[in-house]
Amino acid sequence: MTAAPLSRRSLGLLTAAGLPLLARPLRAQPAADLFRVVTSNEINGLEPARSGYVFQRMQVVETLVGADDGGLPVPGLARGWDLSQDRLTWRFRLRPGARFHDGTPVDAAAVAAALRRAREQGGLLGNLPIAAIEPGEPGEVVLRTTRPFSPLLAFLAHYSAGILAPAAFEGGAVRAVIGSGPYQVTRLLLPQRLEAGRSAHWDGAAPAIARVSYLAAARGETRAAMAEGGQAELVAQLAPETVERLRRNPRLAIDTRAIPRTRLIKLNCGLPLFRDVRARRALSLALDRQGMAAALLRSPASMATQLFPPALAEWHVPGLPPLRRDLPEARRLLAELGWQPGAEGLLVREGKPFSFTLRTFSDRPELPGLATAMQAQLREIGVEMKVAIVNSGEIPAGHRDGTLEAALMARNFSLVPDPLGTMLQDYGPRGGDWGAMGWSSEALNGVLERLGETADPAERTALRGRASAILQEEMPVIPVSWFDLATAVSRQVRGLSIDPLELSYRVAGATWAR
């Protein structure tokens, strides 16, 4: 399906019913009964595949299935489900009282149509072995697969599988965000701001907090200042250097926890510079992960010894030979490839220097500092790495148009609660915008395919270990550090828990302390 171009109405200010609002500049909001969320992530349109993470986290849009803190499936719009004996047919029983924000029922036809559209968009669901999605018995959605696919429930918890009302669509495009969650959109100013209020049609307990807002603020210091100044009740993605300062603020509670996310270098392995795995290993051996974790991230334990952090216990392999720093070995590997010291110590081969540009972005405030440190570390082995601070969207764009040489970024392995979802996106035969570029592995593809089929726990453990080992050996991406999520929460709020999978801000379950 080719989506119709978005109109000015679709890109401007919208109400939950899709009616335009008069544009006006942002102004300070009164704090009374307004819970304000500030992060770095912009709202890049209305399409669930692009910005569904915002609407899901703000509890505007629901998915059929959710996930608990450990990644296990929990009911969402589906109150329960069954799998046939041949493991090819899933039946989802919908919540009988669920209604969209426009008052229409969340029925099987609407849910099936939304999921089919999500699949046709070519996103995450488009890559799954799905044969059909259709209404079954009253209040039941039936999903059939072409082969057994064990992690299906985790994929249905992904934001791109968010369920919108039929009235949300016009001419094949999303014209308004009409979900079924406890909050409904009242104002939307792309790409920065969203406001929402309690939905009169929510079938659960009414949230104690009546209104919520979301603001995208790119600069880490800006977000920290908003937390300090009482301009937000929840501020996410805090820079490491601001966390200790904020801990001293009596008005704030700081939650810091290891989450399933890794900072890594994405390489264009199709380039002559990086085509040979020895070159990729040499770059990895030049990195001082321990020093960067301690000095820049203020978290020595975040030093990455492999791609998957301990927070992903099922994928983290304790016995895997750890990544380390070894400058003599790095120089030896590069010499094997014909690189020799030239002017000013820079490596040269066939008259050309070992030089490339790494793109990164400041939305994650620690990334530019890490890039600068790595620039100096690679210079020690004669490699020139230039650093370009760009918009985060230039990384997937560079992947698609082939201009990307390297990128420093943070990859979240829990957007699909089963990391297999991210693995299939990033390391399939064609690679992925945030994963491999110019590299694929038949062995890894076979492992991932089998992981989707088998339900045997012992076999799944062995397969996950093999997948981790292949990525450690081949290094299409270079792990740098694991991730500590630091969040500031106002002490005027009670009962707010932090979701380690970052699927929800859980505001609907919180109350005011005042």
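The values are calculated or read from the model by the stated rules, or taken from the named source; none is laboratory data. Quick caveat, the model's predicted, so the values are computed rather than measured. Glycine gets a Cβ as well: all are built from the backbone with ideal geometry, and neighbour counts include every protein chain shown.
Summary table
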item	result
Filtered residue count, the range 73-85, keeping only those that are without any contact (Cβ under 8 Å) to a residue 24 or more places away in the chain and not hydroxyl-bearing (Ser, Thr, Tyr)	7
One residue from GLY80, GLY76 being touching a Leu at 6+ places or on another chain (Cβ under 6 Å), closer than 27 Å to ARG198 by Cβ, not hydrophobic (A, V, I, L, M, F, W, C) and not assigned by TED's automatic domain parsing to the domain that holds GLY421	GLY76
Helices (runs of 4 or more DSSP H) contained in the range 183-301 and holding at least 1 residues more than 25 Å from the chain's Cα centre (by Cα) and more than 30 Å from PRO476 (Cα to Cα)	220-228, 240-247
Test: residue in the range 160-169 that is under 27 Å from SER414 (Cβ atoms) and out of contact with any helix residue (DSSP H, G or I) (no Cβ under 8 Å at 6 or more places or on another chain)	yes
Strands (runs of 3 or more DSSP E) (entirely within the range 28-135) containing at least 2 residues that are under 28 Å from TRP512 (Cβ atoms), at pLDDT 95 or above and not aliphatic (A, V, I, L, M)	34-39
Answer residue from the range 91-107, given it is surrounded by fewer than 18 Cβ atoms within 10 Å (Cβ to Cβ) and not charged (D, E, K, R) and is nearest to PRO138 (Cα to Cα) among those	PRO96
Candidate set: the range 396-409, residues that are crowded, with 21+ Cβ neighbours inside 10 Å and among the aliphatic types (A, V, I, L, M); chosen: the one farthest from ARG298 (Cα to Cα)	LEU404
In the range 215-239, the residues that are within 26 Å of GLY70 (Cβ to Cβ) and either out of contact with any Gly (no Cβ under 9 Å at 6 or more places or on another chain) or surrounded by fewer than 16 Cβ atoms within 10 Å (Cβ to Cβ) (or both)	LEU234, VAL235, ALA236
Qualifying residue in the range 452-474 (condition: touching a helix residue (DSSP H, G or I) at 6+ places or on another chain (Cβ under 7 Å) and β-branched (Val, Ile, Thr))	yes
Unmet criterion (only one of (1) out of contact with any strand residue (DSSP E or B) (no Cβ under 6 Å at 6 or more places or on another chain); (2) on the phi > 0 side of the Ramachandran plot) for GLY229	(2)
Condition broken by ALA23, with the remaining ones in (1) modelled with pLDDT under 70; (2) within 15 Å of VAL185 (Cβ to Cβ); (3) part of a loop (DSSP other than H, G, I, E, B); (4) of a type in the set (Gly, Ala, Ser) satisfied	(2)
Some residue of the range 443-463 being in contact with a Lys or Arg (Cβ under 6 Å, 6 or more places away or on another chain), assigned to a loop (DSSP other than H, G, I, E, B) and surrounded by 16 or more Cβ atoms within 10 Å (Cβ to Cβ)	no
Pair list, Cβ under 8 Å, 6 or more apart: the range 170-183 residue at positive phi, other residue surrounded by fewer than 20 Cβ atoms within 10 Å (Cβ to Cβ) and aromatic (Phe, Trp, Tyr)	none
Any hit, the range 373-383, residues being surrounded by fewer than 16 Cβ atoms within 10 Å (Cβ to Cβ) and either within 16 Å of the chain's Cα centre (by Cα) or acidic (Asp, Glu) (or both)	yes
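Per-residue answers, yes or no, for (1) hydrophobic (A, V, I, L, M, F, W, C); (2) more than 27 Å from the chain's Cα centre (by Cα):
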{"position": "ARG93", "(1), (2)": "no, yes"}
{"position": "ALA98", "(1), (2)": "yes, yes"}
{"position": "PRO105", "(1), (2)": "no, yes"}
{"position": "ALA112", "(1), (2)": "yes, no"}
{"position": "PRO129", "(1), (2)": "no, no"}
{"position": "PRO138", "(1), (2)": "no, yes"}
{"position": "PRO148", "(1), (2)": "no, no"}
